[in-house]
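Engineer: Below are the structure tokens for one structure; questions will follow.
The values are calculated or read from the model by the stated rules, or taken from the named source; none is laboratory data. Treat the numbers as computed from the prediction; the structure is a model and nothing was measured. Ideal geometry is used to build each Cβ from the backbone, glycine not excepted, and the neighbour counts take in all protein chains shown. Note: accessible area is taken over every heavy atom of the protein model, side chains too, but ligands, DNA and RNA are not part of it. Shrake-Rupley method; radii C 1.70, N 1.55, O 1.52, S 1.80 Å.
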Amino acid sequence: MADSFDRRGILLGGTGGAFGLYSWAAGAKTAGVNPSTQDLRLKRRPGVKPKNILFILTDDHRYDAMGFMKAQDFGETPTLDRLAREGAHFRNAFVTTALCSPSRASILTGLYAHQHKVVDNNHPIPSDLIFYPQFLQKAGYDTAFIGKWHMGTEGDDPQPGFDHWVSFKGQGTYLPSQNGLNVDGRKVPQKGYITDELTDYAIDWIDKRDPSRPWMMHLAHKAVHAEFLPAERHKGRYDKEIFRYPENMKAGAPGRPMWVENQRNSWHGVDYAYHGDLDIADYYKRYMETLLAVDEGIARIMDLLEKRGELDDTLIIYMGDNGFMFGEHGLIDKRTAYEESMRVPLLARCPSLFDAGSTVENVVANIDIAPTILAAAGLEAPSYMAGSNVLPLARDRNAPWRQELLYEYYWERNFPQTPTVHAVREDRYKYVHFHGIWDLDELYDLTADPHENDNLLARPGHEALAERMSHKLFALLEETGGMQIPLSADAGGRNELRSPSGSGQAPFPPSFFLPQKKRGA
């Protein structure tokens, strides 16, 4: 999509704005485009001075787990609060797939998972994919990747687009392990707590930059991925705090699909979480303690940028790679299209680009990161990208933008609890469509029901709305080449157990039963 719009998009989108303003012709081309044929020399945006760019990614950080959001009565994030206060807070930021590898690939390419093909944590990276830092390199940027790669491979080898590389295999470990780190292709021992060590590497590289050359760093923390392990200095910080359990954690919610209710007693459910007896409250406390080192590390980097005289002319973007559920709908973890799973924090700060204190309500996503970073570098994003530059929204709340966003998740044999999910989310409504199961779909009015407790499809009267949303969903998939369900060979273990003492199977929804005719009728 990049920044192109046309009349055909307005006609197909139906609601105006974004995929109302989306160039469907360009979107259709995306399905067959080979990014490797793209010229890495992008067109310059006239009059734009290239910014230094720091993109910070955390793992499994849900949208409201920041101090200023006050989701709980505890959980301090002073540096993230500062970014929101001195920059822009994108309140409705989402990922298009709530799973590590697909989301990371979308961030780096500006494409949906069905376009870049890294649809789960096992699919390899197609050799023809282009990552946004490759364009930056061609434009004269110094580039660095520091942290968790974990995109379609368990390897830690340097990837295209980065002059400097620090990473580790797979998920990595919070404390030193035998695998250690890969630093520019060399095996280097991990010395200490991973969040602090990655921050040290980031500071060391930034401090050596030539002020006459622009730079970009993609800093991807392991935190706050489970098993949550806080730095020693933060352990027990929240032991005495009170965790408020989500109201919709209770079983038997009317209109809840069977598969969601059945998932309570599973690897990703509150009754048998990770096939054990998990204390959700304690789990959340360790999560927030683990985030503290990330927040401190960002403060250290900002202090360095200020010392170098670069802070206010550096675009800092902070984002989570997907959300995380702590009991909502009786579930834990991610993958689903519920808000707590697909919604993420997104903060940006750059006083030379936009004023402080703006709150952006528009629906933005991980596919928008690559075009945004290219725009900050003074470059026009390639037309095949599905995302768009979000910077105009930080300056003008009335800037043209999408009215809906596509979400996708493809069933994993390793985690069979969650079916293939496609969803379309507008500003007000969300329609969720499941593939391969005999069950209810979901439709929510997010204005009246922000916690998604009232599935409108569980009762009559919303058929026209569901049909409109369904048409929009399949139009998006059709025009972006997403009408195929990927198939993977069996690999790895299956987390398919249920507890015999846990909740039983959910009944079919009442709407699936026709009323019986009276005898003799």
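Engineer: With the checklist (1) part of a loop (DSSP other than H, G, I, E, B); (2) buried (at least 23 other Cβ atoms within 10 Å of the Cβ); (3) among the β-branched types (Val, Ile, Thr) in hand, flag the one item residue 173 doesn't pass.
Structural biologist: Going through (1) part of a loop (DSSP other than H, G, I, E, B); (2) buried (at least 23 other Cβ atoms within 10 Å of the Cβ); (3) among the β-branched types (Val, Ile, Thr) one by one, residue 173 breaks only (2).
Engineer: Among (1) farther than 22 Å from residue 112 by Cβ; (2) assigned to a loop (DSSP other than H, G, I, E, B), which single condition is residue 465 missing?
Structural biologist: It is condition (2) that residue 465 fails.
Engineer: Quick one: in segment 287-334, of everything that is surrounded by fewer than 24 Cβ atoms within 10 Å (Cβ to Cβ), out of contact with any Pro (no Cβ under 8 Å at 6 or more places or on another chain) and basic (Lys, Arg), which residue is farthest from residue 57 (Cα to Cα)?
Structural biologist: By that ranking, first place goes to 307.
Engineer: Can you name the residue in segment 313-338 that is part of a loop (DSSP other than H, G, I, E, B) and of a type outside the set (S, T, N, Q) and, of all such residues, is nearest to residue 281 (Cα to Cα)?
Structural biologist: Here is the first cut: in segment 313-338, the ones part of a loop (DSSP other than H, G, I, E, B) are 321-324, 327, 334-338.
Adding the requirement that they be of a type outside the set (S, T, N, Q) leaves 321, 323-324, 327, 334-335, 337-338.
Working: 321: 23, 323: 17, 324: 14, 327: 9, 334: 17, 335: 21, 337: 23, 338: 20 Å.
Top of the filtered list is 327.
Engineer: Of everything in segment 341-369 that's open to solvent by 10 Å² or more (accessible area, probe 1.4 Å) and outside any strand (DSSP E or B), which residue is farthest from residue 271 (Cα to Cα)?
Structural biologist: 352
Engineer: Please tell me if residue 198 is modelled with pLDDT of 95 or more and in contact with a Gly (Cβ under 7 Å, 6 or more places away or on another chain). I'd like the intermediate steps shown before the answer.
Structural biologist: Values: modelled with pLDDT of 95 or more: yes; in contact with a Gly (Cβ under 7 Å, 6 or more places away or on another chain): yes.
When the stated conditions are applied, residue 198 passes them.
Engineer: List the helices (runs of 4 or more DSSP H) inside segment 30-136, counting only whole elements, that have at least 2 residues being out of contact with any Gly (no Cβ under 8 Å at 6 or more places or on another chain) and over 30 Å from residue 245 (Cβ atoms). Even if it seems obvious, please write down each step before you answer.
Structural biologist: Numbers: elements: 78-86, 100-109, 113-116.
Once the helices (runs of 4 or more DSSP H) in segment 30-136 are filtered for at least 2 residues that are out of contact with any Gly (no Cβ under 8 Å at 6 or more places or on another chain) and over 30 Å from residue 245 (Cβ atoms), what remains is 100-109, 113-116.
Engineer: Could you list, in sequence order, all residues of segment 207-227 that are in contact with a Leu (Cβ under 9 Å, 6 or more places away or on another chain) and assigned to a loop (DSSP other than H, G, I, E, B)?
Structural biologist: 214, 221, 222, 223, 224
Engineer: Here is a follow-up. Got a number for residues in segment 471-503 being touching a residue at least 60 places away in the same chain (Cβ under 8 Å), assigned to a loop (DSSP other than H, G, I, E, B) and either exposed (fewer than 11 other Cβ atoms within 10 Å of the Cβ) or not hydroxyl-bearing (Ser, Thr, Tyr) (or both)?
Structural biologist: The number of residues fulfilling the criteria is 15.
Engineer: If I ask for residues that are open to solvent by 30 Å² or more (accessible area, probe 1.4 Å), at pLDDT 95 or above and within 18 Å of residue 451 (Cα to Cα), which ones from segment 216-255 would you list?
Structural biologist: If the condition is that a residue be open to solvent by 30 Å² or more (accessible area, probe 1.4 Å), at pLDDT 95 or above and within 18 Å of residue 451 (Cα to Cα), then 244, 245, 247, 249, 250, 251 are the ones that fit.
Engineer: Follow-up. Go through segment 130-149 and give me each residue that's open to solvent by less than 20 Å² (accessible area, probe 1.4 Å), out of contact with any Phe, Trp or Tyr (no Cβ under 7 Å at 6 or more places or on another chain) and farther than 17 Å from residue 197 by Cβ.
Structural biologist: Selection gives 130, 131, 132, 135, 136.
Engineer: Now, a different point. Sort out which residues of segment 436-456 are open to solvent by 40 Å² or more (accessible area, probe 1.4 Å) and either under 18 Å from residue 512 (Cβ atoms) or modelled with pLDDT under 95 (or both), and write them in order of number. Reasoning before the result, please.
Structural biologist: Restricting attention to segment 436-456, the residues satisfying the condition of being open to solvent by 40 Å² or more (accessible area, probe 1.4 Å) are 436-438, 447-448, 450-451, 453-454.
Residues satisfying the conditions are 436, 437, 438.
Engineer: Please verify whether residue 51 is of a type in the set (D, E, K, R), over 22 Å from residue 348 (Cα atoms) and at pLDDT 95 or above, treating the condition exactly as stated. Quick ask: steps written out before the conclusion?
Structural biologist: Values: of a type in the set (D, E, K, R): yes; over 22 Å from residue 348 (Cα atoms): no; at pLDDT 95 or above: yes.
Criteria not met by residue 51.
Engineer: Which of the residues belonging to segment 457-470 are in contact with a strand residue (DSSP E or B) (Cβ under 6 Å, 6 or more places away or on another chain) and open to solvent by 80 Å² or more (accessible area, probe 1.4 Å)?
Structural biologist: Passing the criteria: none in range.
Engineer: Limited to segment 356-371, what total is found for residues that are touching a helix residue (DSSP H, G or I) at 6+ places or on another chain (Cβ under 6 Å) and within 28 Å of residue 40 (Cβ to Cβ)? Step through it out loud before you land on a result.
Structural biologist: Filtering segment 356-371 for residues touching a helix residue (DSSP H, G or I) at 6+ places or on another chain (Cβ under 6 Å) gives 356, 358, 360, 362, 366-367, 369-370.
Keeping just the survivors that are within 28 Å of residue 40 (Cβ to Cβ) gives 366-367, 369-370.
Selection size over segment 356-371: 4.
Engineer: Can you tell me which residue in segment 37-48 is farthest from residue 348 (Cα to Cα), limited to those that are open to solvent by 90 Å² or more (accessible area, probe 1.4 Å) and basic (Lys, Arg)?
Structural biologist: Among residues in segment 37-48 that are open to solvent by 90 Å² or more (accessible area, probe 1.4 Å) and basic (Lys, Arg), the one farthest from residue 348 (Cα to Cα) is 41.
Engineer: For residues in segment 143-170 being among the aliphatic types (A, V, I, L, M) and part of a strand (DSSP E or B), which is nearest to residue 53 (Cα to Cα)? So that I can check it myself, show each step before the final result.
Structural biologist: Here is the first cut: in segment 143-170, the residues among the aliphatic types (A, V, I, L, M) are 144, 146, 151, 166.
Those left that are additionally part of a strand (DSSP E or B): 144, 146, 166.
Working: 144: 11, 146: 14, 166: 18 Å.
The extreme case among them is 144.
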